1. Rounded to the nearest 10 Å², what accessible area does His128 show when all protein chains are kept and the probe is 1.4 Å?
2. Calculated FRET efficiency, Arg186 and Leu36, Cβ-Cβ r, R0 41 Å, to nearest 0.05?
3. List the aspartates and glutamates whose Cα lies under 17 Å from the Cα of Lys295, skipping any in the same chain that are fewer than 8 positions away.
4. Could you give the radius of gyration (one decimal) and Dmax (whole number) of the Cα atoms in the chain, in Å?
5. On full extension of the chain, what length is gained from Ser307 through Ser154, given 0.36 nm per residue of separation minus the C-alpha to C-alpha distance?
6. Thinking of segment 119-241 as a set of Cα atoms, what percent of all their pairs are more than 21 Å apart?
7. Between Thr167 and Ala87, what FRET efficiency comes out of the Förster formula 1/(1 + (r/R0)^6) with R0 = 25 Å and r the beta carbon distance, rounded to 0.05?
8. Taking every DSSP beta bridge that has both residues in the chain, what percent is antiparallel when rounded to the nearest 5?
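The values are calculated or read from the model by the stated rules, or taken from the named source; none is laboratory data. Owing to the predicted nature of the structure, the values given are computational and were not obtained by experimental measurement. Heads up, the Cβs are rebuilt from the backbone with ideal geometry, glycines too, and the neighbour counts pull from every protein chain shown. Side chains included, ligands, DNA and RNA excluded: accessible areas come from the protein's heavy atoms. Shrake-Rupley method; radii C 1.70, N 1.55, O 1.52, S 1.80 Å.
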Amino acid sequence: MEAGNHTEVSEFLLLGLSEDPELQSLLFGVSLSMYLVTVLGNLLIILAVSSDSRLHTPMYFFLSNLSFVDICFISTTIPKMLVNIQAQSTDISYIGCLAQVCFSTIFAGMDNCLLSVMAYDRFVAICHPLHYMVIMNPRLCGLLVLMSWFIILSVSLIDILLMMQLTFCIGTEIPNFFCELVQVLRVACSDTLINNIFLYVATALLGVFPLTGIIFSYSQIVFSLMRMSSAGGKYKAFSTCGSHLSAVTLFYGTGLGVYLSSAVTHSSQRSSIASVMYTVVTPMLNPFIYSLRNKDVKGALGRLLGSVASSP
């Protein structure tokens with residue numbers, strides 16, 4: 001391949017989930033269905049929280065933010081894949097690829113931070129119940145979300161500026177259905193040492209630190225529950241964490257799966273399938289996780305749908 005800098009490279013080639021022509025119609029139908037379910041499910045969560053005053057609490061404020069981020073996260077990758085399948089094309093522009101890298105990094109990082117903030121919310125609710133409303137006041141909740149956005153946008157901006165210094169070869173193929181940061185760095189034709197160093201720093205800042213916060217919060221929750229004498233009280237307190245723990249396990253489990261698949265196997269198809277888990281499956285399942293086991297959310301959704309059905 002002929003080498004050239006980023007001003008000469010106008011597009012990349014996304015290999016997608018499969019190159020088999022017979023599977024393209026199936027992939028299009030499944031991907032479109034998952035995308036619509038994700039957007040509809042998370043949008044219902046946002047509408048239910050905003051329309052029901054009983055859900056105007058810190059926990060549901062963070063949940064509605066998580067739903068918004070999940071809609072944005074899946075919208076960064078799936079629409080372009082659907083367009084490519086429909087057009088029988090694998091092209092993505094240089095600017096479009098950078099945009100996918102930027103936005104996927106932002107929204108994956110926000111998922112991390114929001115899950116960490118939600119763990120802190122559960123920690124305060126269980127370990128300091130009498131001071132919960134004083135500590136988790138609206139000002140602090142808004143500040144936590146704004147601070148998360150500021151940190152992530154700053155990290156992402158530096159990341160993109162560093163990527164714009166890289167050179168790529170004409171006809172560069174990316175073995176995935178979207179421009180994932182790690183795989184884009186792998187196909188660069190120039191030295192990526194600085195990018196990789198910053199990637200480790202960003203991973204620690206946006207991944208390891210939030211996960212550490214989650215582990216610390218739940219360790220304190222467990223110690224607090226062990227001091228409770230009532231078994232019913234323990235169950236009631238910990239049951240409020242069930243949905244969040246499921247979301248954390250799903251997000252970090254699929255993220256770890258992507259990392260291990262990239263490190264262990266060189267199969268592009270397996271890496272792409274692993275990427276689907278955390279970019280598509282996790283945002284799609286979060287609304288079900290938080291609604292099926294939550295009476296408050298189910299009640300709010302029922303009232304919301306009832307009011308829509310009864311309206312002229």
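1. Rounded to the nearest 10, the figure is 80 Å².
2. Details: r = 32 Å, r/R0 = 0.78.
Computed FRET efficiency for Arg186 and Leu36 comes out at 0.80.
3. Excluding near neighbours in sequence, the set is Asp52.
4. 21.2, 71
5. On the way: separation 153, 0.36 × 153 = 55.08 nm, distance 4.15 nm.
Net length gain for the segment: 50.9 nm.
6. Numbers: 4349 of 7503 pairs.
Of the Cα pairs, 58 percent sit more than 21 Å apart.
7. 0.35
8. 75
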